[in-house]
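Undergrad: Sharing a structure here in structure tokens format.
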Amino acid sequence: MIRFDNFTKIYDQKSRPALQSVSLEVNRSEFVFLVGASGSGKSTFIRLVLKEESASLGAVHVAGRNVADIAGWRVPRLRRGIGVVFQDFRLLPNKTAFANVAFAMQVTGKSRAVIRETVPDVLRIVGLEGKGNRMPHELSGGEQQRVGIARAIVNKPAILLADEPTGNLDPTTSMGIMNILEHINRNGTTVVMATHDNTIVNSLRKRVVELRHGRVVRDEAQGIYGGDIRAAAG
Ligand code: ADP
Ligand code: MG
């Protein structure tokens, strides 16, 4: 579903590469934690899958296509097939929860009837039944992130990328978010979640890919993420 082939990303010739010689395959319907300290390259990885950045060396394939070969005018179509969840939620502040989710459908040209039917279903999946009329500031952080997830999945993407989605949430709220991501994954969506929350990683026992200074230093099925990564990295 996502394949990095001997991939290197250099932002700046004077610093070390953000990603270096990364070869990695994420299969359809997999759930992968991308772990590593701040600056290890997690967000860069996500931006590359979305073609928000380009390769310096090597290639990234998404759903069998080399993203470097996707023409600019087709990039929106690539991105429509990928849901993205952010640490800071990124909701439209002056739109209700319903309208935030609906907006993601409107931009793909869905009819009002389809939107009216679909949005309540998706809000129910993320546990926000009956809260569609709330403004973001009337929702807790965890609820705002649920809206963010609803928006990311409403167009039924094959891939869901989540960049530290629990980074602003307390542990209990975070586990609620993880239950939703697991549920989405069980229904066949490939999920890649960047995090440095070892409690979450250790309680879910999914595949763990660990980055350190832009290199993959570990790739384990049912992995854990223990100890203090900064101490380990030196
Ligand atoms: P993480 O998400 O794991 O914290 P990032 O992917 O954001 O890591 O960053 C990896 C490295 O790339 C860091 O050294 C960071 O400073 C650098 N970097 C990230 N984005 C840019 C950019 N747009 N321009 C230059 N350097 C960048
Ligand atoms: Mg990051």
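Undergrad: Hey, can you tell me all the residues within region 137-156 that are open to solvent by 10 Å² or more (accessible area, probe 1.4 Å) and either farther than 17 Å from Arg80 by Cβ or part of a loop (DSSP other than H, G, I, E, B) (or both)?
TA: Selection gives His137, Glu138, Leu139, Ser140, Gly141, Glu143, Gln144, Arg146, Asn155, Lys156.
Undergrad: Now, a different point. Before we move on, is Glu52 without any contact (Cβ under 8 Å) to a residue 40 or more places away in the chain and either within 14 Å of ligand 2 (Cβ to nearest atom) or under 30 Å from Asn133 (Cβ atoms) (or both)?
TA: So Glu52 fits the description; yes.
Undergrad: If I ask for residues that are open to solvent by 30 Å² or more (accessible area, probe 1.4 Å) and more than 23 Å from Arg134 (Cβ to Cβ), which ones from region 165-187 would you list?
TA: Pro171, Glu182, Arg186, Asn187
Undergrad: Cβ contacts < 6 Å: first residue more than 15 Å from Ile2 (Cβ to Cβ) and of a type in the set (Asp, Glu), restricted to region 154-166; second residue crowded, with 18+ Cβ neighbours inside 10 Å and modelled with pLDDT of 95 or more, any location; separation 6+ or different chain. Result?
TA: Glu164/Gln87; Glu164/Ala194; Glu164/Thr195
Undergrad: Quick test of your reading of the structure: Gly39 fulfils all but one of (1) in a loop (DSSP other than H, G, I, E, B); (2) more than 16 Å from ligand 2 (Cβ to nearest atom); (3) within 18 Å of Thr195 (Cα to Cα). Name the failing condition by number.
TA: Just one mismatch for Gly39, condition (2).
Undergrad: Output the residue which, of all residues in region 1-17 that are within 11 Å of ligand 1 (Cβ to nearest atom) and in contact with a strand residue (DSSP E or B) (Cβ under 9 Å, 6 or more places away or on another chain), is most open to solvent (accessible area, probe 1.4 Å).
TA: Looking at the filtered set, the residue picked out is Ile10.
The values are calculated or read from the model by the stated rules, or taken from the named source; none is laboratory data. Please read these numbers as outputs of a predicted model, since none were measured by experiment. FYI the Cβ positions are ideal-geometry reconstructions off the backbone, even for glycines, and counts take in every protein chain you see. Just the protein is used for accessible areas: all its heavy atoms, side chains included, with ligands, DNA and RNA removed. Shrake-Rupley method; radii C 1.70, N 1.55, O 1.52, S 1.80 Å.
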